[in-house]
1. Quick check on region 115-128. Is at least one of its residues more than 18 Å from the chain's Cα centre (by Cα) and of a type outside the set (A, V, I, L, M, F, W, C)?
2. Please go through region 146-175 and give me each residue that is within 16 Å of the ligand (Cβ to nearest atom) and either aromatic (Phe, Trp, Tyr) or more than 19 Å from the chain's Cα centre (by Cα) (or both), ordered by number.
3. Tell me, yes or no, whether region 168-181 has at least one residue that is of a type outside the set (S, T, N, Q) and more than 21 Å from Ile99 (Cα to Cα).
4. Which of the residues belonging to region 144-157 are within 18 Å of Ile214 (Cβ to Cβ) and either among the β-branched types (Val, Ile, Thr) or modelled with pLDDT under 95 (or both)?
5. Take region 179-189 and flag every residue that is part of a helix (DSSP H, G or I) and crowded, with 19+ Cβ neighbours inside 10 Å.
6. Of the conditions (1) of a type outside the set (Gly, Ala, Ser); (2) within 14 Å of the ligand (Cβ to nearest atom); (3) touching a residue at least 12 places away in the same chain (Cβ under 8 Å), Leu92 fails just one. Which one is it?
7. Taking region 141-158 only, how many residues are without any contact (Cβ under 8 Å) to a residue 40 or more places away in the chain and either of a type outside the set (Gly, Ala, Ser) or touching a strand residue (DSSP E or B) at 6+ places or on another chain (Cβ under 6 Å) (or both)?
Amino acid sequence: MVLYMNMNRFVIAANWKMHFGVQEAKDWCNVFLSQYRPTRGRAVMVFPPYILLPIVMEALHGSGIWVGGQNMYHAPKGAFTGEVSGAMLWNLGCGAVIIGHSERRKHFHEDDALLAMKRKAAMDIGLQTIFCVGEEWDQREAGTHHEFVRAQLLAGLADIQSNDLDRLIIAYEPVWAIGTGKTATQQDIVDMHGFIRATLRTIHSDAGIDDVPILYGGSVNEENAAEILSVKDVNGVLVGGASLDPLKFLTIVNSIPMTVLGN
Ligand code: PGA
């Protein structure tokens, strides 16, 4: 799985958040698979709620689509009522996890220190780890968004090792663009993705840092995906609302031009 990931320059991820029951999840997978064709250079990931993971994994089995957790706890096991560990995700057969989504930071008060522990635990287990960063509107208005995102990256990735890099994916999700219908402008995205790439280089000197995909998230849909995916330094998208419709998500998956994928 990890080797396959290295060959993918683009990652298209569906974050279902807290949506769907068993039948809706099965239906989503059936509709998606009826038209999905795997392609070199592009990894597709689906992040359902925990309880739907076995169902989605079974439904997508053999498709090459990665299935992962929207969150995890850093301790492998223990008296942590209500939590699910990275070890449990791995044991189930999940290949990926999202760490530090802004909704976890905001509604569940997950701070930089906790997220650094989660990020490390996820990678130590072997999970492809989407580490999310992004500023609030106030910070953008005040012009402190670069500083804020740099601090999130430094805190979350401080002790990252060379051999972790093939399991790291960054998602830039400006909080003000999530679920709001507002997307950052092309210029905002070029600027911040370039800034994140430059910051990553200061965190790690290994050449592999340049292969770490940087995804954009925040009101990506089937209409704006092609434009966003054509922006420099955008190596994929993390999609919330629009991923709940399997055919809209498929349109987003198919928005990367085949020529860019080298097929
Ligand atoms: P959205 O969510 O596409 O609904 O804005 C993105 C995300 O939170 O991952």
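1. Scanning region 115-128 turns up no residue that is more than 18 Å from the chain's Cα centre (by Cα) and of a type outside the set (A, V, I, L, M, F, W, C).
2. Tyr172
3. Keep residues of region 168-181 that are of a type outside the set (S, T, N, Q), which gives 168-179, 181.
With more than 21 Å from Ile99 (Cα to Cα) added as a condition, the list becomes 181.
Looking for residues that are of a type outside the set (S, T, N, Q) and more than 21 Å from Ile99 (Cα to Cα), one finds at least one in region 168-181, hence yes.
4. Val149
5. The answer is Ile189, and nothing else.
6. Single failed check for Leu92: (2).
7. First, the residues of region 141-158 that are without any contact (Cβ under 8 Å) to a residue 40 or more places away in the chain: 141-144, 147-148, 151.
Filter once more, so that each one left must be either of a type outside the set (Gly, Ala, Ser) or touching a strand residue (DSSP E or B) at 6+ places or on another chain (Cβ under 6 Å) (or both): 141, 144, 147-148.
Here the count works out to 4.
Listed here are the residues, each with its yes/no results for (1) out of contact with any helix residue (DSSP H, G or I) (no Cβ under 8 Å at 6 or more places or on another chain); (2) surrounded by fewer than 17 Cβ atoms within 10 Å (Cβ to Cβ); (3) closer than 15 Å to Ser102 by Cβ.
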site: Gln152; (1), (2), (3): no, no, yes
site: Asp164; (1), (2), (3): no, no, no
site: His204; (1), (2), (3): no, no, no
site: Ala207; (1), (2), (3): yes, yes, no
site: Ser219; (1), (2), (3): no, no, yes
site: Ala225; (1), (2), (3): no, no, no
site: Leu247; (1), (2), (3): no, yes, no
site: Ile256; (1), (2), (3): no, no, no
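The values are calculated or read from the model by the stated rules, or taken from the named source; none is laboratory data. Quantities reported herein were computed from a predicted structural model and do not represent experimental measurements. Neighbour counts are summed over all protein chains in view; Cβ atoms, including those assigned to glycine, are modelled from backbone coordinates with ideal geometry.
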